[in-house]
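Below is one structure, written out as structure tokens; the observations come after it.
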Amino acid sequence: MSTVEIPDAAAYDIDLELRETAVRRASTIQPEDVEPASQLTFARNVFIPLTTACRYTCTYCTFYDPPGQASLMSVEEVLEVVDRGVDAGCTEALFTLGDAPDARYGSLHETLESWGYATIHEYLADACERTLEEGLLPHANPGDQTKAQMELAAPYNASMGVMLETTAEVTAHAGPRGKSPAQRLNTIKIAGELQIPFTTGILVGIGETKDDRAVSLLAINALHERYEHIQEVLIQPVVENERWRGGSPPTEVLRDTVAMARALLPETVSVQVPPNLAPVRDLLDCGIDDLGGVSPVTVDHVNPAYAWPALDELRAIAEAAGVPLKERLPVYDRFLDIEGFISEPISDAVSRDDPAGRRYRSVIEGESLYHP
Ligand code: SF4
């Protein structure tokens, strides 16, 4: 049975010197202080909930299932979704799974073992490799990872991610199986050490304060200054569901937070707002430049009650902003030219003269055959 220990991340030593001044300054940023983006981007993906098992029990999350009820997709099931994505002109396979399932998920570990895998991370690596061969670029979100765990799937991922959510200790993360902000920061730091183009973000409305949001964004920025690996930062509002009745943050809070992110992060780091969860049209003047992954094939398995907008709606949002809408890959173009950030399997897949390679390059060159 797999026992996956995530190390304590006290080692994260982000220099937040002058932190109080920085937070005070960040907290005063308003939408008027930032410029709207000159274009909006999105990626076309399929959503693959590899397993709904998770060692944690965040109070706003409907994604995880308790032991005995958690699903685990077989490779055949994964590839069936991937094939539908290829047919629909997608480029990204978004692998979502909870944090490494603990010993409570005995039958899941038995199944993995019967398939020849010692851990969920070994299985994820194999599923990502098969997906890449099939014609989509994986982007995996396996929660917190050790360096050894991240190294397994990294070669087969165009980019990876984990939501920081918040650096604050909030009751939504508390309880006997609460996740820790330090672990999340450590995971983002490891991704930097491994030179993995990385997605992270904050969750707004889970009990954090405005100052907490500033600290979270400053912490992400500090890690990016050191490793230059952050490609996008999500500003995601928590939303009502069967486990969360705490409501969503007001639009004004989202406007201030998006503006704060835009002002604190370098221009090369995109600020993303998920269009199925946030009032995007009310945020267009606050500096968002990316609408994230949107799927014409699968639902948002993390927020199944909130449907993706049709691709036509994305175009309408861009028109409302008065800017062009551009499709992108799950890895932002600029990383393709920076040595060390793209693994050989991903580099080969993007440059190969086969249908997948041609599809990736048409997206990079803005000549996608699959415009909405
Ligand atoms: S939010 Fe993530 S870590 Fe928390 S319970 Fe859900 S899947 Fe697990």
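Estimated from helical segments only, the mean residue ellipticity of the chain at 222 nm is -10500 deg cm²/dmol, where each DSSP H run of four or more residues counts as -39500 (n - 2.57). Each part gets one Cα centre, and for segment 175-211 versus segment 37-60 those centres are 14 Å apart. Segment 174-318 has equivalent-ellipsoid semi-axes of 23, 19, 16 Å, by the square roots of 5 times the alpha carbon gyration tensor eigenvalues, sorted largest first. For the chain, the Cys residues with no second cysteine's beta carbon closer than 4.7 Å are C54, C90, C128, C286.
Both numbers refer to the Cα atoms of the chain; Rg and Dmax are 19.4, 57 Å. The distance from the alpha carbon centre of segment 238-285 to that of segment 330-350 is 28 Å, rounded to a whole number. Sorting L329, L97, L136 from the fewest to the most surrounding beta carbons within 10 angstrom yields L329, L97, L136.
A simple rule links phi to the HN-Hα coupling: the Karplus curve 6.51 cos²θ - 1.76 cosθ + 1.60 with θ = phi - 60°, which for segment 343-351 gives 6, 4, x, 6, 4, 4, 4, 6, 9 Hz, with x for Gly and Pro. Listed from fewest to most Cβ neighbours within 10 Å, the set S270, S74 follows the order S74, S270.
For segment 255-264, putting each phi into the Karplus relation 6.51 cos²θ - 1.76 cosθ + 1.60 with θ = phi - 60° gives couplings of 4, 5, 6, 4, 4, 4, 4, 4, 6, 7 Hz, in residue order, rounded to whole numbers and with x for Gly and Pro. Close amide H contacts of L137 (hydrogens built in the peptide plane, cut-off under 5 Å, sequence separation of 5 or more or a different chain): E92, A93.
Most simply put, segment 19-362 has about 5% antiparallel DSSP beta bridges, counting only bridges with both residues inside it. Note on segment 19-362: lysine pairs with Cα distance below 25 Å, sequence gap of 8 or more or different chains, count 5. Residues E20, E133 in ascending order of nearby Cβ atoms (within 10 Å, fewest first): E20, E133. A cut-off of 5 Å between modelled amide H atoms, ignoring neighbours fewer than 5 places along the same chain, links K326 with L40, T41, F42.
The base-10 log of I(q)/I(0) for segment 158-253, evaluated at q = 0.10, 0.15, 0.21 Å⁻¹, reads -0.27, -0.60, -1.06 [Debye formula, identical scatterers on Cα atoms, solvent excluded]. For a paramagnetic label modelled on E77 (point 7 Å from Cα along Cα→Cβ), amide N atoms under 18 Å away belong, within segment 123-162, to 123-131, 141-142.
With the cut-off at 1.5 for a/c, could you classify segment 67-113 from its C-alpha gyration tensor as rounded, prolate or oblate? Prolate, because a/c is 1.5 or more and a/b exceeds b/c.
With r defined as the distance between the Cβ atoms of D353 and D333 and R0 fixed at 22 Å, what FRET efficiency is calculated, to the nearest 0.05?
Calculated transfer efficiency: 0.65.
Along segment 329-341 the Karplus relation, 6.51 cos²θ - 1.76 cosθ + 1.60 evaluated at θ = phi - 60°, assigns HN-Hα couplings of 7, x, 10, 5, 3, 4, 6, 5, 9, 9, 4, x, 8 Hz to successive residues, with x for each Gly and Pro.
Residues whose amide H comes within less than 5 Å of that of G201, counting only those at least five positions distant or on another chain, are L164, E165, L234 (H built at 1.01 Å from N in the peptide plane).
Read-outs throughout are calculated quantities, based only on the coordinates presented, and are distinct from any laboratory measurement. No experiment lies behind these values; they were computed from the predicted model shown. Every residue, glycine as well, gets a Cβ built from its backbone with ideal geometry; the counts of neighbours run over all protein chains shown.
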